[in-house]
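The values are calculated or read from the model by the stated rules, or taken from the named source; none is laboratory data. Predicted model only: the values in this text are computed from it and were never measured. We place every Cβ from the backbone using ideal geometry, glycine too, and count neighbours over all the protein chains shown. Ligands, DNA and RNA are excluded from the accessible area calculation, which covers all protein heavy atoms including side chains. Shrake-Rupley method; radii C 1.70, N 1.55, O 1.52, S 1.80 Å.
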Amino acid sequence: MIMLLLYYKFMKLRKIILKNYRNYENFEYDFLKNKTLIIGKNAQGKTNILESIFYLCALDSARIKKDSELILFNRDMTSIKAIVEKNDTELELEVVINPPKNKILKVNGLKKTKSKDFLRVLSSVNFSSSDLLLLRGEPQNRRKWLDLAIFQVYPLYIEKLAKFNKIRLQKASYLANMALQNDMLDVFNEQLAIASANVIYLRKKYLLELERVAKIKHKAMADNENLTIKYQTITDEFLNIEELKELIYQKLSEVKADEIRRQQCLIGAHRDDIDFYINEIDSKKYASQGQQRTIVLALKLAELQIIKEKINETPLLLLDDVLAELDNVRQNYLLNAIENDIQMIITSVDTLAFDDKFLENVDIVKISGGKIV
Ligand code: ATP
Ligand code: MG
């Protein structure tokens with residue numbers, strides 16, 4: 001029998017330094033242990049710390065529309081810096097957000113013009129109590145969750161998505177201002193069809209992989225239930241990018257008059273959604289709250305697994321207020337499913353949800369009003 005030894009590369013977050021980030025004017029913290037527990041009352045800045053770490057992994061956050069929201073009120077710029085240890089090498093990451101200028105990305109002090117070169121350094125899975133509402137939430141929340149997960153394994157996707165959004169906004173503004181002639185619309189539609197096809201293709205591809213893993217994780221928690229995931233878009237078929245582009249262009253041509261009349265982009269990746277089924281029944285509509293939580297937990301564990309498979313590294317696990325929200329069975333399943341060497345940063349209002357054995361090996365940081373206390 002051949003023994004397969006899986007070897008994951010070493011990756012640890014060693015330090016985080018924030019300047020003018022949300023409610024932190026100046027913040028520095030050295031991560032000394034593998035598990036860090038951030039404790040603080042509501043609105044003291046727990047989620048902000050996890051968000052800043054996640055930002056270094058995705059250059060985006062589930063909570064923002066614009067980067068400028070991350071800057072401390074009444075300041076012009078923010079910087080997020082981190083020291084990462086990877087295979088015996090220390091790397092320094094820094095993002096400076098200073099609108100309206102483009103954000104600056106640096107690795108070891110050297111500017112990176114391509115976000116993919118920056119995103120390759122650190123990866124993480126962020127699991128927050130608000131994720132538990134993923135199925136109940138709006139399609140845009142599900143699209144954002146999916147996009148952020150894809151950034152972790154296909155860093156090129158960030159540019160493809162940005163391109164799609166740019167063309168879509170240009171077309172929307174054209175539709176809002178156009179005179180009666182529609183000759184430019186064909187040009188926009190051609191570009192939008194390509195950009196949309198790129199996004200839809202990668203989202204479908206990622207979801208197929210995610211479904212493969214999430215099914216197994218889900219079954220381990222609910223053995224008579226079969227989870228399936230479907231990307232809801234203009235077609236159920238798995239087309240290649242060229243075929244997708246043709247189909248989108250054709251559909252865009254069909255809705256031209258409608259788009260002009262309603263002054264809206266009616267077809268594309270921005271209208272899609274993700275469906276989850278248990279034994280072929282639509283979970284968004286019919287699953288109980290507990291069943292929905294089990295699905296989300298399976299998705300998060302699958303995200304983690306996929307990062308490990310794709311980039312051969314164990315990502316950070318950022319658990320925002322989520323452990324206290326899970327019942328004992330799901331909490332144990334989560335903690336047991338995670339290898340001991342994975343770096344976890346956890347937030348909670350208190351230590352009540354954690355047993356003594358868990359707390360023995362944890363570094364506890366207390367936060368109040370944007371400061372360590
Ligand atoms: P909870 O336990 O309720 O989740 P939390 O400790 O996670 O609380 P955070 O979400 O980190 O709290 O937010 C802490 C505070 O940061 C909030 O009071 C919020 O108003 C503030 N805040 C958010 N954005 C900014 C900003 N750009 N500038 C200054 N303060 C901000
Ligand atoms: Mg919070």
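Pop out the carbon and sulfur fraction of the accessible area of the stretch 1-157 as a percent, whole number, probe 1.4 Å. Let's see the in-between values first.
Values: 4170 of 7970 Å².
Answer for the stretch 1-157 is 52 percent, counting heavy atoms of protein chains only.
Site pair K114 and D30 shows an inter-label distance of 3.6 nm when each label is modelled 7 Å from Cα along Cα→Cβ. Here is how the number arises for the chain: DSSP H runs of 4 or more residues each give -39500 (n - 2.57), the sum is divided by the residue count, and the result at 222 nm is -13500 deg cm²/dmol. Counting 0.36 nm for each residue step from L359 to Q250 and taking away their Cα separation leaves a gain of 33.4 nm. Each label was represented as a point 7 Å from its Cα along the Cα-to-Cβ direction; for T235 and E159 these points are 2.6 nm apart. With both residues required to sit in the chain, DSSP beta bridges show an antiparallel share near 65%. For the residue pairs K86/K106; K65/K215; K144/K285; K204/K251; K15/K86; K116/K204, alpha carbon separations beyond 23 Å are given by K65/K215. Protein heavy-atom surface of the stretch 193-235, 1.4 angstrom probe: 52% of the accessible area is carbon and sulfur, with nucleic acids and ligands not counted. Across the stretch 86-95, rounded Karplus estimates of 3J(HN,Hα) from the backbone phi angles (6.51 cos²θ - 1.76 cosθ + 1.60, θ = phi - 60°) give 9, 6, 6, 10, 9, 10, 10, 10, 8, 10 Hz, Gly and Pro being marked x. Summarising the label geometry, the points placed 7 Å from Cα in the beta-carbon direction at D273 and K366 lie 4.6 nm from one another.
How would you order 254-262, 112-120 from highest to lowest mean count of nearby Cβ atoms within 10 Å?
Packing proxy ranking, top to bottom: 112-120, 254-262.
For R75 and E309, the difference between the fully extended length at 0.36 nm per residue and the C-alpha to C-alpha distance is 80.2 nm.
Compute the signed sum of charges (Lys and Arg +1, Asp and Glu -1) over the other residues within less than 14 Å, Cβ to Cβ, of E25.
+2
Full extension of the chain between T89 and A172 gives 25.2 nm of extra length, using 0.36 nm per residue less the Cα-Cα distance.
Principal-axis analysis of the Cα atoms of the chain puts helix 157-177 at an angle of about 40° to the longest axis. For the options N126, N34, N224, a Gaussian network treatment of the chain with springs between C-alpha atoms closer than 10 Å singles out N224 as fluctuating the most. Accessible surface area normalised per residue over the chain is 50 Å², counting heavy atoms of protein chains with a 1.4 Å rolling probe. The string of couplings for the stretch 30-43 from the Karplus curve (6.51, -1.76, 1.60, θ = phi - 60°) is 9, 7, 9, 10, 5, 10, 10, 10, 9, 10, x, 5, 4, 6 Hz, one whole number per residue in order, with x for Gly and Pro.
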